[in-house]
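What follows is one structure encoded as structure tokens, with my remarks underneath.
The values are calculated or read from the model by the stated rules, or taken from the named source; none is laboratory data. The shown structure was predicted, so the numbers you read here are calculated from the model rather than taken from an experiment. Reconstructed Cβ throughout: ideal geometry from the backbone, glycine too, with neighbour counts over all protein chains shown. Surface accessibility is based on the protein's heavy atoms, side chains included, excluding ligands, DNA and RNA. Shrake-Rupley method; radii C 1.70, N 1.55, O 1.52, S 1.80 Å.
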Amino acid sequence: QVQLVESGGGLVQAGGSLRLSCAASGRTFGMGWFRQAPGKEREFAAAINWSGLSLYYADSVKGRFTISRDNAKNTVYLQMNSLKPEDTALYYCAARRYTSGSTYSHDYDYWGQGTQVTVSS
């Protein structure tokens with residue numbers, strides 16, 4: 001069983017930046033970030049494969065968010081720049097037992113509790 005702990009969320013003004021971290025209790029393979037805004041379904045944001053060479057982004061965050069990982073630390077990051085009010089959501093880290101990343105939430109086996117990101121206008 002892998003446990004995931006997210007950190008780095010907070011309140012930021014529009015145009016600002018935040019860096020989310022997700023620390024895993026053990027070795028992980030494909031990793032992803034998803035988000036859920038109030039009253040909306042959970043949606044994909046970004047994903048990364050085991051090597052870090054294959055990256056996937058939702059159109060809504062492409063060019064503004066960057067996913068990366070440090071396998072020595074069992075940690076994945078989400079650098080979020082040029083934040084918009086519509087980025088406000090609870091951000092979840094997810095891990096899967098396959099080396100590839102995925103844009104589908106049902107492909108992931110482990111989930112963190114989430115970290116809140118609030119972007120004010």
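Some values worked out for this structure:
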read-out: Residue match in region 11-22 (condition: in contact with a helix residue (DSSP H, G or I) (Cβ under 7 Å, 6 or more places away or on another chain) and part of a loop (DSSP other than H, G, I, E, B)); value: yes
read-out: Residue selected from region 67-104 under the condition part of a loop (DSSP other than H, G, I, E, B) and touching a helix residue (DSSP H, G or I) at 6+ places or on another chain (Cβ under 8 Å), by the criterion surrounded by the most Cβ atoms within 10 Å (Cβ to Cβ); value: 96
read-out: Residues being of a type outside the set (Phe, Trp, Tyr) and either on the phi > 0 side of the Ramachandran plot or within 11 Å of the chain's Cα centre (by Cα) (or both) - total across region 37-57; value: 7
read-out: Within region 25-49, tally of residues that are closer than 16 Å to residue 70 by Cβ, open to solvent by less than 50 Å² (accessible area, probe 1.4 Å) and either at pLDDT below 95 or part of a loop (DSSP other than H, G, I, E, B) (or both); value: 4
read-out: Number of positions in region 9-36 that are farther than 13 Å from residue 105 by Cα and within 15 Å of the chain's Cα centre (by Cα); value: 12
read-out: Cβ-Cβ under 7 Å pairs, at least 6 apart or on other chains, region 50-66 side buried (at least 16 other Cβ atoms within 10 Å of the Cβ), far side at pLDDT below 95 and of a type outside the set (S, T, N, Q); value: 50/29
